[in-house]
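J.: Input: one structure, supplied below.
The values are calculated or read from the model by the stated rules, or taken from the named source; none is laboratory data. Just so you know, these numbers come straight off a predicted model, no measurement behind them. FYI the Cβ positions are ideal-geometry reconstructions off the backbone, even for glycines, and counts take in every protein chain you see. In case anyone asks, the SASA skips ligands and DNA or RNA and just uses the protein heavy atoms, side chains included. Shrake-Rupley method; radii C 1.70, N 1.55, O 1.52, S 1.80 Å.
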Amino acid sequence: HKDYMSVFLAELPHDDPHIIEHKAAWSRRAMIIIQQNICVPLQKQYGCSMSPLAVGPPLVSMMFSRFLFDPVIKEVKPPGYGNEFDKMYPEYISTMFVHGLHGLAKKMGEG
């Protein structure tokens, strides 16, 4: 839902109470997903307590900056961009977020 998320993040007012509640409802669901799929596994692996509030905003920013820049990227037409890239993007962004660029390069080298 690229268009929906672009409007949701960039175009809707940031001070309207109804819109704030809608964004808050979405954020609550996202925080649960981040807690369960990122924070809890990291706590089990490293013994650290990490808040989804520390993880969520930068992860969401990384994901949706692509949607906001999509018209520009389509104009630039970089090699490899298209349907296959779109299918792999969630894997790219999650690997890069959790394991960094080196982890992403390693994963891509294995594929």
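J.: Region 23-111: which chymotrypsin sites (Phe, Trp or Tyr not before Pro) are DSSP loop and have at most 12 other beta-carbon atoms within 10 angstrom?
T.: Here no loop site has a sparse enough neighbourhood.
J.: Also, I was wondering about something else. Which of these values of Rg and Dmax of the Cα atoms in Å was calculated from the structure shown: (1) 16.1, 47; (2) 14.2, 53; (3) 13.4, 39?
T.: (1)
J.: In whole percent, and with a 1.4 Å probe on the protein chains, what portion of the accessible area of the chain is carbon and sulfur?
T.: With neighbouring chains kept in place, the figure for the chain is 63 percent.
J.: Given the DSSP H assignment, sum -39500 (n - 2.57) over each helix run of at least 4 residues in the chain and divide by its residue total; what's the result at 222 nm in deg cm²/dmol, nearest 500?
T.: -25000 deg cm²/dmol
J.: Once the other residues with Cβ under 14 Å from the Cβ of MET96 are scored (Lys, Arg +1; Asp, Glu -1), what is the net sum?
T.: Counting the neighbours of MET96, the net charge comes to +2.
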